[in-house]
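Heads up: the structure comes next, in C-alpha cells.
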C-alpha cells in the first residue's frame, strides 16, 4: 500500500474494470502515490437496494489496506456512495451520478448521499440526463460534506469534458488525502 491510501475505481453499469475513464484516472492517481484498484461488480440482475453489489464491495475492501477512496463512474457511484459512512472510507468521488433518471426515482441513492460522512465530490455534467443537475444539487445540499463540480455542457459521459473531470478529481483527492 502507498502512503496516500487505496483507491477502488468502479465502472458504470455493465462496464468492465478496463473502462477507459477508469484506466486514465487510475494512472493519474498512481502517479500521485495512490494504490489503485480497478474492479467491476458481479454481473447479473441488479438487486433492488444494491445489497449484492454492496456486499461484494465490502468483501473486496476486506482484502485491501485502508484508508479507502471510492470512485464510482455512474452505476459504480451508486455502489460506492452506500459505503460513504464507513470510518475507513476517507473520500468518495461520483463521476456522473445517475441519482434520478427520468421516470426512475432512486430514493435510496439520495439517502445514501445525504448520510455519507466521507467527503464526497460529485462530478456532474450540466446536461446529464441520468442525473439532472437540479436533482443532484438538491440531494447533495442535505450533506455539508458533499461538493458538486459542474462540467458545463457535458452529458452523462462527459465527452470533451472528460479531461476536466479527471483533473478536478485528482486535484480534489490530492488536497484531501495528504
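Coordinate-derived values only; no laboratory data. These numbers come from a predicted model, not from an experiment. Cβ atoms come from the backbone with ideal geometry, glycine included; neighbour counts cover every protein chain shown.
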(message) Please state the shape class of segment 120-178: rounded when a/c is under 1.5, otherwise prolate if a/b exceeds b/c and oblate if not, all from the C-alpha gyration tensor.
(response) oblate
(request) Could you tell me which of rounded, prolate or oblate describes segment 6-176, using a ≥ b ≥ c as the square roots of the eigenvalues of the alpha-carbon gyration tensor, with rounded for a/c under 1.5 and, failing that, prolate when a/b is larger than b/c and oblate otherwise? (result) rounded
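Using packing as a proxy for protection, rank 35-46, 68-79 so that the peptide with the highest average count of other Cβ atoms within 10 Å comes first.
The densest-packed peptide leads the list: 68-79, 35-46.
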(request) Which order do the peptides 100-111, 22-33 take when ranked by the mean count of other beta-carbon atoms within 10 Å per residue, highest first? (result) 22-33, 100-111
